[in-house]
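In what follows, a single structure is set out as structure tokens and then discussed.
The values are calculated or read from the model by the stated rules, or taken from the named source; none is laboratory data. The structure displayed is predicted, hence computed values, not measured ones. Cβ: placed from backbone, ideal geometry, glycine included. Neighbour counts: every protein chain shown.
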Amino acid sequence: MGFNCGIVGLPNVGKSTLFNALTETAAAQAANYPFCTIEPNVGRVAVPDSRLDNLARIGKSQKILPTSLEFVDIAGLVRGASRGEGLGNQFLANIREVDAIIHVLRCFEDDDITHVEGGVDPVRDAEIIETELMLADLDSLEKRQTALQKRARGNDREAQQQLAIMDPIMAALREGKPARTAVPKGEEETARRLQLMTTKPVLYVCNVEEGSASTGNSHSEAVRKRAEAEGAAMVVVSAAIEAEVSQLPQEERAEFLEGLGLSNSGLDRVIAAGYGLLGLSTYFTVGPKETRAWTITKGTKAPQAAAVIHNDFERGFIACETVAYDDYIACGGEAGAKEAGKLRIEGKEYVVQDGDVLLFRFNV
Ligand SMILES: Nc1nc2c(ncn2[C@@H]2O[C@H](COP(=O)(O)OP(=O)(O)OP(=O)(O)O)[C@@H](O)[C@H]2O)c(=O)[nH]1
Ligand SMILES: [Mg+2]
């Protein structure tokens, strides 16, 4: 089960710099963390989670295996991309395939780095990209409408469902509002099958100059206001600093970041925000061999959570021994949790919670 975030934005805003820093950091950590380059522009990075170290210490595990998230570096979009400008169609196709969008906005001033729109104005830039995505969404819906109507008349249930939500979505797009603002409650899954770009969750990443990495600047403040109004997430990073950090050995990083007034790396914040954006949560398995994090979507029930490890675990699911993370730590592990009455036996209907330490009982 792979989830991915596409890195999107105007040309020259720092997308590849950020992507390279993300993947180089992951490569440097390869001793501990699984990493693989899938294609030159696709990288899988470990999701940092301090809970893993604590669990592994108590469980006396030999190895720690974090869960991972995939990032895709997509080439810059320009004004007119929805009409095919600047290889627009091809890049838009890349965006259609990702689960969430990381929208990088240039918030740094640097006369040596060309800005395709002539000057730094991240809110305008955000609007340019969003407009292109909305136009492309509208275009794709208009193209499909007639065929869907035909199928719907032939009693195709799926086509009927999609048509029912298309009108309000197209109306919103025509008014310049993203599709996500017009998806009726409970129809999220149908909307997802329409494969629109402006229904995907968005994280704004403000790329500021090095001196503003800890504070942000007036440009990133403007983005913050826009993000708040939309209910979108935003993170301030300096891609240039992240690129430097990614070249440092692990043990020197904290000190380097501290010297810049940063408590953690911007990459960690981007990864964590991306994980949240996708509605993901984590459960753990702990044993002498390894402590491992597993990714599920929020609301997943125990048997489907088990399937992430192995399909047999779902097929033969009997129950799962469950200890909440805080209880596991407070009781000093599984045995202590059992004594304190904090170990629960949960069945098929149990909704796995973020941080649960699980042991599946199954029989195939
Ligand atoms: N001063 C400064 N320059 C940066 C920063 N981030 C990126 N750059 C520079 O901006 C230029 C473009 O960066 P890229 O990361 O290649 O930009 P991109 O968004 O991937 O561009 P395209 O792939 O062409 O769309 C490079 O010369 C980077 O070194 C930054 O934080 N500060
Ligand atoms: Mg690039």
Checklist entry - So which residues in segment 270-294 are crowded, with 17+ Cβ neighbours inside 10 Å and modelled with pLDDT of 95 or more? => result 282, 283, 284, 285, 286, 291, 292, 293, 294
Next on the checklist: If a residue counts only when it is in contact (Cβ under 8 Å) with a residue 60 or more places away in the chain, which strands (runs of 3 or more DSSP E) contained entirely in segment 297-363 have at least 3 such residues?
Outcome noted: 357-362
Item to check | Sole exception among (1) without any contact (Cβ under 8 Å) to a residue 12 or more places away in the chain; (2) under 21 Å from residue 277 (Cα atoms) for residue 193, by number | outcome: (1)
Next on the checklist: Looking only at segment 315-364, count every residue that is among the acidic types (Asp, Glu) and touching a strand residue (DSSP E or B) at 6+ places or on another chain (Cβ under 8 Å) and tell me the total.
Outcome noted: 6
Checklist entry - What number of residues within segment 284-296 are assigned to a strand (DSSP E or B) and more than 15 Å from residue 54 (Cβ to Cβ)? => result 3
Checklist outcome for this item: Residues of segment 354-364 being of a type outside the set (Lys, Arg) and more than 13 Å from residue 294 (Cβ to Cβ), in sequence order, are 362, 363, 364
Next on the checklist: Checking the conditions here, which among 273, 243, 233 is of a type outside the set (Phe, Trp, Tyr), within 16 Å of ligand 2 (Cβ to nearest atom) and in contact (Cβ under 8 Å) with a residue 40 or more places away in the chain?
Outcome noted: 243
Checklist entry - Name the pairs: first residue in segment 1-24 and touching a residue at least 60 places away in the same chain (Cβ under 8 Å) and near ligand 1 (Cβ under 8 Å from one of its atoms), second residue of a type in the set (Gly, Ala, Ser) and part of a helix (DSSP H, G or I), Cβ to Cβ under 7 Å, at least 6 apart or on different chains? => result 14/239; 17/239; 17/240; 17/243; 18/239; 20/243
Next on the checklist: If I filter segment 55-65 for residues that are assigned by TED's automatic domain parsing to the domain that holds residue 250, surrounded by 19 or more Cβ atoms within 10 Å (Cβ to Cβ), within 30 Å of residue 120 (Cα to Cα) and at pLDDT 85 or above, do I get at least one hit?
Outcome noted: no
Item to check | From 236, 202, residue being within 30 Å of residue 264 (Cα to Cα), away from ligand 1 (no atom under 16 Å from the Cβ) and assigned by TED's automatic domain parsing to the domain that holds residue 106 | outcome: 202
Checklist entry - Taking segment 56-105 on its own, how many of its residues are within 15 Å of ligand 2 (Cβ to nearest atom) and touching a strand residue (DSSP E or B) at 6+ places or on another chain (Cβ under 6 Å)? => result 9
Checklist entry - Does at least one position in segment 142-157 carry a residue that is of a type outside the set (Asp, Glu) and in contact with a Gly (Cβ under 8 Å, 6 or more places away or on another chain)? => result no
Next on the checklist: Quick check on my filter: what residues within segment 201-214 are more than 15 Å from residue 18 (Cβ to Cβ) and touching a residue at least 12 places away in the same chain (Cβ under 8 Å)?
Outcome noted: 201, 202, 212, 214
